[in-house]
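Novice: Below is one structure. I have some questions about it.
Please treat every number below as a calculation from the coordinates, not as lab data. All values derive from a computational prediction rather than experimental measurement. As a convention, Cβ positions derive from the backbone with ideal geometry for all residues, glycine included, and neighbour counts pool all protein chains shown.
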Amino acid sequence: MHDYLKELIQQALRKIHPDLELPDIIIEKPRTPEHGDAATNVALTLANKLKDNPRKIAQEIADSMDTHTGYLKSVEVAGPGFINFRFSDSWLFTKLAEVRQAGKSFGKTRLFENRNILVEFVSANPTGPLTVGHGRNAVLGDTISRVLEWAGANVQREYYFNNAGRQMRILAESVRTRYLQSLGIKREFPEEGYEGAYITDIALKIRDEHGDHLAGDKDLDLFRETAEKNIFEDIQRTLNRMNIFMDTFFNENLLYEDGSINKVLEKLRKQNLIYEQEDATWFRTTSFGKEKDTVLIKSSGEPTYRLPDIAYHINKLERGFDLVIDVFGADHIATYPDVVSAVEACGYDRDKIDVIVYQFVTIVKDGKPFKMSTRKANFVTLDELMDEAGADVTRFFFLMRSPGTHLEFDIEEAKQAGEKNPVYYLQYAHARIQSIMKKVRKTYDFETRANRNPDFSLLSGNAETTMIKRILEFPDVINQTAIHKEPHKVINYLNELATSFHKFYHDCRILGENDDLALARTELLTVTSTVLSNGLKILGISAPDKM
RNA sequence: GCGCCCGUAGCUCAACCGGAUAGAGCAACUGCCUUCUAAGCAGUAGGUUACAGGUUCGAGUCCUGUCGGGCGUACCA
């Protein structure tokens, strides 16, 4: 509809001002319903250029618009010079019939058709179970992936990890210490060691398998490998439980093995962006506007994480993706510009990298903020949270706010299964429809007249037309969400849709109405139910038939 | 100190990226179940969008400064 309106306006403008360079025409959905179903501000933006009164320009455009198709009920000039449009009922009914034809695929768009997109998220190193702190990253990354898929893209979900560094060494030492302790050997726990109970569990597993054979072993490898394997299994189980399924796991090590790291260094050196000082290798980030240069290779010979990060991003681009999306917490906000600059300096297109930065989650427990640390084992795991609140609620809480704002996660509130919990509002709407459908199927015999088209023109009540309008917005919501990568828009939309349904439920009935009206309303509900369940599917949340 | 993000109703947050009278949920108050699920609906109350300037037809949104919170600012990841 928006494209159609744009077209009409362009035609009108060409008629009135043949020489005018056509401006960008923005069609918006007004905030208040009194302003119609769609509006444009072209006249206001043109006022300056044409040196004329915006209201007058708006009126001229409105008068010159070709509205013979009957899609529009009204075209009005309002306020300082807006043009407001109201859709005709017949247009709504026509579109509703199209939606019905589209069936379960309604909402799929072609915005990112044929685009290959890699979404990298979670990427927590295997040092412990996923905590509530990782939850926002995981759920955001997965949901953005889902939205992009609905917008037509081919999405690959990737988990990047490092199993070589200092962290992993400390982890292995922690496991060995627990192992030795379990054999009755006195041993001081490493000062910076991981104190969680899961470390002891892993140590006991090793003891069960190897007995005391490893007591004199100097080598940490077995401890490290066992720990990594166990923790990774744990992480994957947690992700799957949350409805998240990774396509690939990328080990940082590969970048050393295949020479990518060295290639990056060479390329940067050629650009004169690298120099040695005090045995360390530095990256001239000052030439990209930074205050200080940054170290790529420490004087010990060990690279900092930034170097593999650069190589990793180049690797992703070389794999041929049209777009590479990173999901980062606010703590990475300062580092990614370096990576992007380096990638560009190596001759790659920086516009193919899109970084989603989300603000940290404040966990509120017993009404107080709760600080977490994996090392100190002072954390709430995602599993614990899902045990108490369920996967649906957990996902919903991470998604319901814009990524850019600090999210307060109140564990007690999430656990409450009552009306306080906003996810049930959406699921309830779906369950309510299913329940009606069940009764409708028993009462009416719609199957035998499956070929008969419902007469949607019977749906001219207020509750019905607003519901239809909501339904028709769905594909646009998908596109907007995919463009901005802000899944909470889907939630806001579904809330509006659910509200319009609950109002319909209050005002309109099906059982007891005549066959034609009952059929039309049933079909309307079928479509609504499809949109609700599609929307929930994008959020990775179940759409129950019964509650 | 410097850089990035945030500041909107009592609380948690929206506001389609500059549009018209700033909206929801929770909490408070008032109504509505012998009829398809009351996990619902209808209504009341709640605001100088932290503060002060500026930009323009028009600012919660953009610019400058101040205040407050978060995160960075390592040869840690």
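Novice: Modelling each spin label as a point 7 Å along the Cα-to-Cβ direction, I'd like the residue A:388/residue A:67 distance in nm, to one decimal.
Specialist: The modelled label-to-label distance comes out at 5.7 nm.
Novice: Using the Karplus curve 6.51 cos²θ - 1.76 cosθ + 1.60 with θ = phi - 60°, work out ³J(HN,Hα) for each residue of region A:36-51 in order, rounded to whole Hz, and write x for Gly and Pro.
Specialist: These are the phi-based 3J(HN,Hα) values: x, 8, 8, 8, 9, 10, 3, 4, 5, 6, 7, 3, 5, 5, 8, 6 Hz.
Novice: Only loop residues by DSSP count here, and only those with at most 14 other Cβ atoms within 10 Å; note down the trypsin sites (Lys or Arg not before Pro) in region A:215-285 that meet that.
Specialist: Hits after loop and neighbour filter: A:218.
Novice: Let me ask something additional. Any of A:365/A:489; A:469/A:503; A:263/A:292; A:73/A:469; A:489/A:537; A:263/A:316 with alpha carbons more than 19 Å apart? Name them for me.
Specialist: Over 19 Å apart, Cα to Cα: A:365/A:489; A:263/A:292.
Novice: Determine, from the Cβ-Cβ distance of residue A:219 and residue A:197 and an R0 of 22 Å, the FRET efficiency 1/(1 + (r/R0)^6), rounded to the nearest 0.05.
Specialist: Working from the Cβ atoms, E equals 0.30.
Novice: Which lysines have a Cα lying under 17 Å from the Cα of residue A:186, excluding residues fewer than 8 positions away in the same chain?
Specialist: Residue A:186 reaches A:218.
Novice: According to a simple spin-label model (label point 7 Å from Cα along Cα-to-Cβ), what is the distance in nm between residue A:428 and residue A:344?
Specialist: 5.0
Novice: Evaluate the charge dipole of chain A about its Cα centre and quote only its size in Debye, nearest 20, assuming +1 on the Cβ of each Lys and Arg and -1 on the Cβ of each Asp and Glu.
Specialist: Roughly 960 debye, rounded to the nearest 20.
Novice: Using a 7 Å offset from Cα along Cα-Cβ at residue A:359, what residues in region A:386-416 end up with backbone N under 16 Å from the label point?
Specialist: Residues A:398-410 qualify, since their backbone N sits under 16 Å from the label point.
Novice: Moving on to the next point. Would you mind counting up the charge near residue A:364? Only other residues with Cβ under 9 Å from its Cβ, with Lys and Arg at +1 and Asp and Glu at -1.
Specialist: -3
Novice: Given the Cα-Cα distance of residue A:330 and residue A:48 and 0.36 nm per residue of separation, how much length would full extension add, in nm?
Specialist: Working it through step by step, the gained length comes to 97.4 nm.
Novice: Past 21 Å, Cα to Cα: identify those pairs from A:104/A:415; A:6/A:95; A:108/A:485, in the order given.
Specialist: A:104/A:415
Novice: Could you work out how much longer the chain between residue A:537 and residue A:507 gets when fully extended? Use 0.36 nm per residue separation minus the Cα distance between them, nm to one decimal.
Specialist: Here the segment from residue A:537 to residue A:507 would lengthen by 8.0 nm.
Novice: Let me ask something else about it. Go ahead and run the numbers for FRET between residue A:457 and residue A:322, Cβ-Cβ distance against an R0 of 45 Å, rounding to 0.05.
Specialist: Computed FRET efficiency for residue A:457 and residue A:322: 0.55.
Novice: Listing A:202, A:411 from the residue with the fewest other Cβ atoms within 10 Å to the one with the most, what is the order?
Specialist: A:411, A:202
Novice: If I model a spin label as a point 7 Å beyond the Cα along the Cα-Cβ vector, how far apart are those points for residue A:189 and residue A:275 in nm?
Specialist: 4.7
Novice: Please find the FRET efficiency linking residue A:298 to residue A:262, where r is the Cβ-Cβ separation and R0 is fixed at 22 Å, and quote it to the nearest 0.05.
Specialist: The calculated FRET efficiency here is 0.85.
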